Amino acid sequence: MVQLLDSDITTREVLEWHGVHLFHCQVSSCSQKLRIFLALKGIDWESHPIELRTGENFQPYFLGINPRALLPVLVHNGDVHIESNDIIEYLEATFPEPPLIPAGFEHKVHDLLQMENDLHLDLRTITFRFVFVEDEGFVKDRKLLDQYKTDNGRVNGVPDSRKSVEIAFWEQANSEEGITDESVIAAVANFRAALFELDEKLASDKYIVGGQLSVVDIAWFIYCSHIEFAGYPLTDWHPNVSRWYTRLKAKEEFAREVSPAPQLLHEVHHLQARQAEEERSFRDIVGE
Ligand SMILES: N[C@@H](CCC(=O)N[C@@H](CS)C(=O)NCC(=O)O)C(=O)O
């Protein structure tokens with residue numbers, strides 16, 4: 001569980017805050033996952049929007065509550081929690097009703113959430129090639145990236161090892177070469193393997209774990225929406241997952257998180273049409 005130490009927190013005002021506060025962004029997958037969780041739990045929370053597009057997450061105020069520069073961040077009664085799945089497990093323990101981790105399946109859920117987290121850079125690789133690209137402003141400003149590199153924020157009292165992974169990703173995305181075809185192909189293969197297993201499970205089961213709706217369904221629902229938006233053929237490759245996805249999407253808490261703003265829809269359709277003309281679409285790169 002990643003709860004920052006008092007000495008890690010340089011944005012001191014949050015220490016005085018009461019209740020549940022969430023730093024989040026509309027289009028961030030981890031924020032969407034958490035907002036569905038909060039809605040299903042009926043937890044009241046105060047919103048602190050952070051704009052990834054303008055690099056607000058690399059500004060000193062935000063680095064003072066998450067030196068990793070990542071969303072979401074939870075502040076609960078002055079304690080600062082980072083890492084979306086840790087936040088979810090913390091909130092589940094703090095607000096147990098209604099349960100979104102089935103009793104007796106805590107370890108299994110933890111492992112499945114870890115697996116989902118391990119795919120996060122693959123998700124970014126796919127979406128930064130086919131959804132959020134350079135000219136839409138998502139690639140990082142050089143100055144902000146340098147600021148982030150030199151920031152000496154700490155997590156659990158030590159310089160954060162995760163930071164080098166983040167920097168490597170943004171350096172590659174910012175480079176002349178950008179996100180390579182090879183990394184897209186590898187990312188899609190990782191998703192395909194994980195979703196193949198889910199598809200087998202969902203052939204007979206209504207939900208992924210423990211026979212009831214859980215945080216694992218929420219997490220995969222969000223991933224499926226993002227990769228499908230990028231061009232991943234969810235219905236063709238994983239028909240049971242696709243049916244499960246459609247069932248979840250009928251719920252208001254889920255649907256509202258995966259209905260992109262008209263402006264984003266327009267930009268992405270335009271981008272993907274251009275990529276198709278240039279034979280650089282998802283299908284062109286991945287094949288089939
Ligand atoms: N393992 C982290 C991943 C968090 C993450 O990568 N968040 C993305 C949004 S979904 C982010 O903040 N990206 C920074 C950026 O795009 O500048 C978690 O689960 O919280």
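Quick note: the coordinates plus some simple rules give every number you see, no bench work behind them. Source: prediction; values computed, not measured.
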Test of understanding: in a Gaussian network model of the chain with alpha carbons linked when under 10 Å, which of Glu97, Glu176, Glu16 would top the mean-square fluctuation ranking? Glu176
Largest-first semi-axes in Å of the equivalent ellipsoid built from the Cα gyration tensor of the range 42-189 are 28, 21, 14
When all C-alpha to C-alpha distances in the range 6-101 are sorted into bins of 10 Å, what percent of pairs does each bin hold, rounded to whole numbers? 16, 52, 27, 4
If every alpha-carbon in the chain counts as one equal scatterer, what log10 I(q)/I(0) does Debye give at q = 0.09, 0.12, 0.14 1/Å? -0.44, -0.80, -1.10
